[in-house]
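Read the structure below first, then the notes.
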Amino acid sequence: MYRAIVLLIWTMGTFGHYVRDNSSGKTDRFPEDFLFGVATSAYQTEGGWDADGKGPSMWDHFVRHNPDAIADMSNGDVAAKSYELYKRDVEMLTDLGVGAYRFSISWPRILPYGTSDYVNPMGVAYYNSLIDELLANGITPFVTMYHWDLPQALSERGGWLNAEVVDWFGNYSRVLYENFGDRVKFWLTINEPYIHCKVGYGTEHAPGVRSPGQGFYDCGRNILMANARAYRAYDEFRGSQGGQVGLPFSLNWPEPASDSKDDLDAVNCYFAFHLGQYADPIFTERGNYPDILLERVETASLKQGYTKSRLRRLTEEEAVYIKGTSDFFALNHYNIDIVYRNESLQGMFEVPSVDDDGYYGYYTKNSISKSENRTLELWEYSPGFYKVLNYIKEKYNEPVIYVMENGKNTPKGLQDHTKIEYLRNYLTAMLGAIKSGINVKGYFAWSLMDGFEWHMGYTMSFGLYEIDMTDASRTRVPRTSAFVYKEIIRSGMVDYDYNPDPYEMNKSSASTALRDITI
């Protein structure tokens with residue numbers, strides 16, 4: 001059945017008349033109640049790493065002890081200075097016309113020592129001010145409880161490999177509900193469990209603990225339990241606060257390199273390892289890990305001399321506790337991966353490791369040749385977005401979907417044309433999904449502004465607003481994509497013929513938010 005679903009969606013092709021209508025240069029309109037937003041995270045943008053009683057995070061520790069792990073040897077100590085400039089950020093949001101803003105709360109800014117024994121009043125005051133400023137401007141806060149900046153005090157106690165993290169996170173979530181839940185109605189618990197466990201327990205991200213064959217699975221299991229603990233804790237507040245709680249997943253579309261059995265089986269494994277490991281226990285009637293995941297890890301473990309699988313099955317009690325612990329499906333999606341399984345994989349992966357367990361390769365092509373004079377760029381892979389949304393609908397019983405991250409890195413500068421084309425094409429694909437009956441309720445562009453992109457430092461530019469990180473004032477300057485996104489939100493449609501000049505727009509704009517550039 002699992003393979004049948006993959007084959008069905010893979011062979012659907014693109015999305016017909018929901019691609020750009022070349023006669024008008026426009027697409028159909030988004031629903032009136034569709035929610036447009038933008039997203040950021042605390043460590044990537046806030047700065048103020050030790051300000052006003054904030055404790056160190058594992059990223060604060062990691063960048064100091066492993067500076068060479070960051071592409072430009074930078075850190076998030078100052079970042080975009082949103083801790084100081086949050087009112088400026090809200091001005092930008094207001095000028096864009098977004099209805100919602102996804103930001104994350106820094107766990108160590110609220111609980112400097114990790115546990116709820118001491119709550120930092122200045123950290124609470126900061127987020128109260130930000131939330132109140134958003135609401136005063138008609139912007140709905142979508143609040144991520146945890147976007148990878150674990151308190152260093154807890155990291156030193158084992159972090160996500162210590163089962164006690166379930167209690168730590170549950171207590172932390174309760175502090176958030178008590179202090180902000182009267183105004184926050186959309187909570188996101190733990191950002192992207194697959195990526196966080198994969199690179200955090202590999203070599204690229206904090207905490208830099210290398211345990212790809214065991215730690216990866218323990219981390220994921222503890223995240224599932226911690227998410228469930230936070231969700232169940234909200235039951236005490238649900239009646240009075242009336243909010244929702246969701247777990248944000250990451251999934252690119254896995255396109256098989258060929259129609260061979262090996263490549264199609266590799267796609268099934270990709271789904272199971274990247275998404276099913278976390279979404280199946282929550283959203284499926286069965287309520288447990290995918291069989292293909294359990295079978296492959298157990299087979300590899302026994303072959304390697306282990307007496308049992310490195311991935312412990314969920315007990316019946318755990319499965320019941322986890323099942324249903326997300327009120328909506330929160331998706332982070334960026335592009336497609338070309339997935340394959342062939343002889344080239346022999347000897348490629350560390351043993352034991354999640355990569356060896358799944359035993360598939362994948363890559364993202366930045367461009368592929370279509371003819372002598374034509375290349376297919378990354379942003380033209382938008383049909384994969386439609387397929388991902390349709391897969392979620394078919395696999396997980398038609399949940400409400402919020403796209404919580406989607407965006408493209410572009411070179412420095414205001415003329416970010418490839419980001420604009422990416423944005424247009426992906427929004428067109430999503431509109432096609434909505435028109436075909438997929439229940440997508442909101443979309444959040446990544447990101448509002450440039451920030452610290454983890455192990456890539458400041459070498460990548462996802463922001464609708466450009467920031468010169470060498471400028472102490474961290475002035476925000478709107479790129480062309482900011483004006484294009486603003487027009488999409490205003491009109492409710494994707495107009496491919498709208499091509500503003502950012503320099504002229506900044507000269508003529510009457511708003512403070514779009515006049516930060518010096519011409």
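FYI, it's all coordinate maths here, none of it is from the lab. Bear in mind that the values here come from a model prediction, so they are computed numbers and not experimental data. Because the Cβ atoms are built from the backbone with ideal geometry, glycine has one as well, and the counts that use them run over all protein chains shown.
When the chymotrypsin sites (Phe, Trp or Tyr not before Pro) in the stretch 419-469 are filtered for DSSP coil states and for at most 11 other beta-carbon atoms within 10 Å of their beta-carbon, no site remains. Within the chain, what's the longest stretch lacking GluC sites (Glu not before Pro) that sit in DSSP loops with no more than 11 other Cβ atoms inside 10 Å? The answer is 33-284.
Taking the charge dipole of the chain about its Cα centre, with +1 at Lys and Arg Cβ atoms and -1 at Asp and Glu Cβ atoms, the residue from Leu111, Ser173, Gly276 reaching farthest to the positive side is Gly276.
Oblate is the label for the stretch 36-132, because a/c, from the alpha-carbon gyration tensor with a ≥ b ≥ c as root eigenvalues, is 1.5 or above and a/b does not exceed b/c. In whole angstrom, how far apart do the alpha carbon centroids of the stretch 43-113 and the stretch 453-507 sit? One Cα centre to the other: 19 Å.
DSSP loop trypsin sites (Lys or Arg not before Pro) in the stretch 180-237 with at most 16 other Cβ atoms within 10 Å of their Cβ, which ones? In loop regions of the stretch 180-237 (DSSP not H, G, I, E or B), the sparsely surrounded trypsin sites (Lys or Arg not before Pro) are Arg183, Lys185, Arg210. Within the chain, Cys269 have no other Cys Cβ under 4.7 Å of their Cβ and so lack a disulfide-compatible partner by this rule.
A prolate overall shape is assigned to the stretch 152-251, the ratio a/c of its alpha-carbon gyration tensor axes (a ≥ b ≥ c) being 1.5 or greater and a/b exceeding b/c.
Cross-link check: pairs Lys303/Lys323; Lys387/Lys412; Lys198/Lys308; Lys412/Lys435 evaluated at a Cα-Cα cut-off of 29 Å; pairs beyond the cut-off: Lys303/Lys323; Lys387/Lys412; Lys412/Lys435.
For the stretch 94-236, a Kirkwood radius taken over Cα pairs fed into Stokes-Einstein (4 °C, viscosity 1.567 mPa s) yields D = 82 µm²/s.
When the alpha carbon coordinates of the stretch 441-488 are projected onto the principal axes, the ranges are 34, 22, 13 Å, largest first. With only Cα atoms counted, the stretch 283-326 has Rg and Dmax values of 12.2, 37 Å. Each Cα pair under 8 Å and six or more residues apart adds its sequence gap; the mean of these over the residue count of the stretch 54-203 is a relative contact order of 29 percent. Given the alternatives (i) 190; (ii) 203; (iii) 155, volume of the Cα convex hull per residue in Å³ as computed for this entry is given by (iii). For chymotrypsin sites (Phe, Trp or Tyr not before Pro), the sites in the stretch 228-306 that DSSP calls loop and that have at most 16 other Cβ atoms within 10 Å are Tyr306. Placing unit charges on the Cβ atoms of the charged side chains and taking the dipole of the chain about its Cα centre, the candidate lying farthest along the positive direction among Met92, Ser461, Gly451 is Met92. Residues of the stretch 61-79 with amide nitrogen under 20 Å from the 7 Å Cα-to-Cβ point of Asp471? From the stretch 61-79, the list is 75-79. Let me have the relative contact order for the chain, percent, based on Cα pairs under 8 Å that are six or more residues apart. Result for the chain is 19 percent.
In the chain, helical runs assigned H by DSSP with n ≥ 4 each contribute -39500 (n - 2.57); averaged across all residues and rounded to the nearest 500, the mean residue ellipticity at 222 nm is -11500 deg cm²/dmol.
Rounded to the nearest 20, the Cβ-based charge dipole of the stretch 107-248 about its Cα centre (Lys and Arg +1, Asp and Glu -1) stands at 260 debye. Just report the Cα centroid separation between the stretch 299-354 and the stretch 116-190, whole Å. Using only Cα atoms to place each centre, the spacing works out to 28 Å.
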